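Visitor: What follows is a structure written as C-alpha cells; I'll ask about it next.
The values are calculated or read from the model by the stated rules, or taken from the named source; none is laboratory data. Treat the numbers as computed from the prediction; the structure is a model and nothing was measured. Cβ placement follows ideal geometry from the backbone for every residue including glycine, while neighbour counts extend to all protein chains displayed. Surface accessibility is based on the protein's heavy atoms, side chains included, excluding ligands, DNA and RNA. Shrake-Rupley method; radii C 1.70, N 1.55, O 1.52, S 1.80 Å.
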Amino acid sequence: MQQASLTVEKEVADHTVSLSLLNVRGEHLIRALDVNLLPPTAATYPLFDSTGSIFQGGYYTVNSFATWQFTRTLDCPWPPCINALGRPIAQLGAIDEFQSAASSNYNGATLSINHRVARGTYLRLSYTYARAMDDGQDALVAGQPATVQNSYNPSAERGPSVTDQRQRVVAAVSAEPHPFHRGHELLGRYFNDWKISTIVNYGSGRPVNATVSGDPNQDGNDLNDRLPGYSRNAFTGPDYATADLRLTRKIRLGERCKIEFMADAFNLFNRDNQRVAITSNGLVTTASMFVPNSVTAGIAPYPGYYTLPNNFMKPNAAFAPRQVQVGVKLVY
C-alpha cells in the first residue's frame, strides 16, 4: 500500500478552513482465478420477458466456456444443445489459482470548515468528493468461488470499488449554552446544564453489481456472471441521509460528582433509506436470469435464453428506521 496526503489550513475569522487531498494505492492484492477452463467462445442468446414466453427482439452475447452441439444424440435429442463443461483436467472441477495481481486506487478531496468553541457552541462541516477503483479483490473467504467472470480476461473486472462513494457531506453541531449566571441561580439550575448535539450525514449512492443467475457463461460458477455489456459495479444505488441527535442533562451532586441523563435518536426524521441486497462482495441486484432450454427466437432455435425481470434496480430492503435510546451515566 502507498499513501500520499496533503492538507492546507487557513484561519478565517473564528473558523478554520482546510482542504485535504488523499491518494491511496494498493498493489499485488489477492484474487482468485479458475484456471481449469478452456478459452471461451462467444455465444448469443435471445431475450424474453420475465415469463419466458414473449421474445423481446434483442440478444445478449456472452463468452461461454461450454460449446453448442448441433448433432442429435441421446443426450441431445433436439439440437442445438449446450454441452457439459469440458475442463482441461476433466477429473477435477474448479481449480482456483490465488494471484497477487489485483490493484486498487482511491482519490479523495475533503473541504471542511470548523468553528471554534465559543459560548459552548461547536460546528464542523465537511464535504468529500472521492473515487475508488479496483480489480475486484476477492479470495477473502476460504472456499468461496472466484468472482472473476472470465479468467482469460481479468482486466475486465476493473470498476468502482464496493466502498466507492462519490460525494459525502457531514455536519456536526454541539451546543452547551449557559444563559443564566450570577443572580439567576434558580433559573441556571434548570436551564444551564443542558447539551444538545447532532450529526447529519448525506452520501450519494454506492455501486451496484448487476448479476445474472443461471450461469450463462457455463463455467460452473453461478456467482460471477454479470449483465452482458456492463462492467462490474456499473450501476449506482439509492443515496443515504440520516440525522442523529443527542440531548444531555447534567445534574451536579457535589463538587466532584455529577449524573448525566441522555436521550439519543438515530435517524431522527425516520428517512426511508432504501437499498438493494448486500453480500460480502457489495451491493448486488439481479439483472437477468439465464434459462438453459431449447427455444425458438424468430426462426432460429437456441439452447437457452435470458429473461428480463420487472424489478431490476428496485430497492428490496432498507437501512435502520428511527431508533431512540435513553441512558444514565454517573461521573465522579
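Visitor: What are the residues in segment 27-54 that are part of a strand (DSSP E or B) and surrounded by fewer than 16 Cβ atoms within 10 Å (Cβ to Cβ), if any?
Guide: If we filter segment 27-54 for residues that are part of a strand (DSSP E or B), which is where we start, we get 27-34, 41-48.
Within segment 27-54, 27, 28, 30, 41, 42, 44 qualify.
Visitor: Of everything in segment 1-26, what is in a strand (DSSP E or B), surrounded by fewer than 13 Cβ atoms within 10 Å (Cβ to Cβ) and either in contact with a strand residue (DSSP E or B) (Cβ under 6 Å, 6 or more places away or on another chain) or among the charged types (D, E, K, R) (or both)? Give them in sequence order.
Guide: Narrowing segment 1-26 to residues in a strand (DSSP E or B): 2-12, 15-26.
If we keep only those that are surrounded by fewer than 13 Cβ atoms within 10 Å (Cβ to Cβ) as well, we get 2-12.
Once the filter is applied, which keeps residues that are in a strand (DSSP E or B), surrounded by fewer than 13 Cβ atoms within 10 Å (Cβ to Cβ) and either in contact with a strand residue (DSSP E or B) (Cβ under 6 Å, 6 or more places away or on another chain) or among the charged types (D, E, K, R) (or both), segment 1-26 yields 2, 3, 4, 5, 6, 7, 8, 9, 10, 11.
Visitor: For segment 126-138, how many residues meet the condition of being open to solvent by less than 80 Å² (accessible area, probe 1.4 Å) and not in a loop (DSSP other than H, G, I, E, B)?
Guide: Of the residues in that region, 6 qualify.
Visitor: Let me ask something additional. Going residue by residue through segment 192-199, is there one that turns out to be among the β-branched types (Val, Ile, Thr) and touching a Pro at 6+ places or on another chain (Cβ under 8 Å)? So that I can check it myself, show each step before the final result.
Guide: Residues of segment 192-199 that are among the β-branched types (Val, Ile, Thr), as a first pass: 196, 198-199.
Going one step further and asking which of them are touching a Pro at 6+ places or on another chain (Cβ under 8 Å), we end up with none.
No, the conditions are met nowhere in segment 192-199.
Visitor: Scan segment 78-103 for residues that are among the polar types (S, T, N, Q) and open to solvent by 30 Å² or more (accessible area, probe 1.4 Å) and jot them down.
Guide: Result: 83, 91, 99, 100.
Visitor: Same structure, new question: Which condition number in (1) among the hydrophobic types (A, V, I, L, M, F, W, C); (2) over 16 Å from residue 212 (Cβ atoms); (3) in a strand (DSSP E or B) is the one that residue 284 fails?
Guide: The single condition residue 284 does not satisfy is (2).
Visitor: Hey, can you tell me all the residues within segment 67-89 that are within 15 Å of residue 294 (Cβ to Cβ) and under 35 Å from the mean Cα position of the chain (by Cα)?
Guide: 82
Visitor: Evaluate segment 19-41: report whether one residue or more is at pLDDT 95 or above and basic (Lys, Arg).
Guide: yes
Visitor: Determine which single condition residue 271 fails, assuming it passes every other condition in (1) at positive phi; (2) surrounded by 15 or more Cβ atoms within 10 Å (Cβ to Cβ).
Guide: (1)
Visitor: Another question, then. Could you count how many residues in segment 163-178 are touching a Phe, Trp or Tyr at 6+ places or on another chain (Cβ under 6 Å) and modelled with pLDDT under 80?
Guide: Adding up the residues that qualify gives 0.
Visitor: Another question, then. Do you know which residues across segment 288-332 are among the hydroxyl-bearing types (Ser, Thr, Tyr) and surrounded by 11 or more Cβ atoms within 10 Å (Cβ to Cβ)?
Guide: Kept after step one, since they are among the hydroxyl-bearing types (Ser, Thr, Tyr), are these residues of segment 288-332: 288, 294, 296, 302, 305-307, 332.
Within segment 288-332, 288, 294, 296, 302, 305, 306, 307 qualify.
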